[in-house]
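Participant: Quick one: the structure is below, questions incoming.
Where a number appears in this text, it was derived from the coordinates with a stated rule and is not lab data. Every value quoted in this text rests on a predicted model; they were computed, and no experiment measured them. We place every Cβ from the backbone using ideal geometry, glycine too, and count neighbours over all the protein chains shown.
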Ligand SMILES: [Zn+2]
Ligand SMILES: [Zn+2]
């Protein structure tokens, strides 16, 4: 099937250590198979991963990308290209890259399986959130599918359970939570005045509040600190309904490893979102942080039984199993 990719034109600036590398924005173009950034042409094959924080797009380049190009090597010193994309176009650019790359990868997988005489093992799904193609070959058919490109969790019939635009894993505490505001802008402004420019991040309300306190304490200009704390609190704390408030409470207990207290809260939340992998991962983290890797492993297995392609649950299960092996005589 021929998939059309209308070209996306945008303006951008290269970023380094949180600072723009030019005063003026340059022209960019995302086609069906390449990204053109000023004079640089980057085929999508040279991109290993994309991530979006606020309007900042980070492109992790494949190890051999840019071998021929000195300017590209210089720009992506740590293997990542960072762009500040103008006028709300960052998500469209990311989606174009993810969609084109994922369709190609899925087609390649199909061809490989067909060549090996195992075409019947091929299984794929389209994410209803970002339209990326997801390779599910060889994985159990479970109630949920997780999109690694946009973090949307959806059911087999394509119904969205939780949208990646609102529910994500927090960059700071690693827990599944509501992240309504992308905190990069405000977070960056506050730190720029205290002399530090971190990369923008997705933060849950607890971590945003914690970081705002840290800014206040580390900033010698207490007045500015206070101002930014108020700004941060207004910008990054989404209005929470009862279940989100409960999730905040459960995650705070989970982070401290107080799993017996967190458990009834997660059980209650799971009634609203039965066997949701994000909630089960949080509950598993509560056990892991509380020194109970065996209990954690059970929950990560439950998350995978509910969503077989959840790579975070898989990684955490391996971690918990290593912990179980250590504690078992
Ligand atoms: Zn998606
Ligand atoms: Zn957090």
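Participant: Report the Cα centroid-to-centroid distance between segment 293-311 and segment 123-182 in angstrom, as an integer.
Facilitator: Between the Cα centre of segment 293-311 and that of segment 123-182, the gap is 16 Å.
Participant: Name the shape class, rounded, prolate or oblate, that the alpha-carbon gyration tensor gives for segment 98-148, where a ≥ b ≥ c are the square roots of its eigenvalues, rounded holds for a/c under 1.5, and otherwise prolate holds if a/b is larger than b/c and oblate otherwise.
Facilitator: oblate
Participant: A further question on this structure: Quickly work out the residue 322-to-residue 62 label distance, labels modelled 7 Å from Cα along the C-beta direction, and quote it in nm with one decimal.
Facilitator: 2.8
Participant: Can you work out the base-10 log of I(q)/I(0) for segment 253-329 at q = 0.13 1/Å, using the Debye formula on its C-alpha atoms alone?
Facilitator: For segment 253-329 at q = 0.13 Å⁻¹, log10 I(q)/I(0) is -0.33.
Participant: If you don't mind, there's one more thing I want to ask. Please sort 88-99, 12-23 by packing, taking for each peptide the average over its residues of neighbouring beta carbons within 10 angstrom, highest first.
Facilitator: Final packing ranking: 88-99, 12-23.
Participant: Answer rounded, prolate or oblate for segment 1-145, using the Cα gyration tensor with square roots of eigenvalues a ≥ b ≥ c: rounded when a/c is under 1.5, else prolate when a/b is larger than b/c, else oblate.
Facilitator: prolate
Participant: Then there is this: Roughly speaking, what is the stretch gain from residue 256 to residue 78, that is 0.36 nm per residue apart minus the C-alpha to C-alpha distance, in nm to one decimal?
Facilitator: Full-extension gain reported as 60.7 nm.
Participant: Taking Cα pairs under 8 Å and at least six residues apart, what relative contact order does segment 98-148 come out at, in percent?
Facilitator: Relative contact order for segment 98-148 comes out at 34 percent.
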